[in-house]
Amino acid sequence: QVQLVESGGDLVQPGRSLRLSCAFFGSTFSVYQMGWYRQAPGNQRELVAVIAKGGSTDYADSVKGRFTISRDNAKNMVYLQMNSLKPEDTAVYYCHTMAMGMDYWGKGTLVTVSS
């Protein structure tokens, strides 16, 4: 059984930075691809960034050059560094992985970008 717990969401002004964290519990973290998704009010959940077990990454076009996903396999953690935040980045951010054909999600952490 995999459990994901996000933290780090906050209210920040446009242009500022924020780092989200996701703690992974329950299995061998290093074998899993991890991802961050977000869902803004009235919108569908969308992929923000993914990191493979080997460390390769991919990003949504809307965050390329501003966000960085990383992982620490020794600590069973995945991070999302968000720079140059924009009001349109406002959303609930979710940590995700897939194991044995099942999707696992955290409960989410709210990021609000507003002046």
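The values are calculated or read from the model by the stated rules, or taken from the named source; none is laboratory data. No experiment lies behind these values; they were computed from the predicted model shown. Methodologically, a virtual Cβ is constructed for each residue, glycine included, from the backbone with ideal geometry; neighbour enumeration extends over all protein chains shown. Please note that ligands, DNA and RNA were not included when accessible areas were found on the heavy atoms of the full protein model with its side chains. Shrake-Rupley method; radii C 1.70, N 1.55, O 1.52, S 1.80 Å.
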Enter the accessible area per residue of the chain (Å², integer; probe 1.4 Å; all protein chains in place).
55
With a ≥ b ≥ c from the Cα gyration tensor eigenvalues, square-rooted, and the rule rounded for a/c under 1.5, otherwise prolate when a/b > b/c and oblate otherwise, the chain is prolate
Quick one: compute the contact order of the chain, relative version, from alpha carbon pairs under 8 angstrom and 6+ residues apart, as a percent.
36
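Using a 10 Å cut-off on Cβ atoms, rank the peptides 75-84, 50-59, 34-43 from the highest mean neighbour count down.
Numbers: 75-84: 18.5, 50-59: 13.7, 34-43: 16.6.
Peptide ranking by packing, descending: 75-84, 34-43, 50-59.
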Keeping the other protein chains in place, figure out the carbon and sulfur percent of the accessible area of the chain, with a 1.4 Å probe.
47
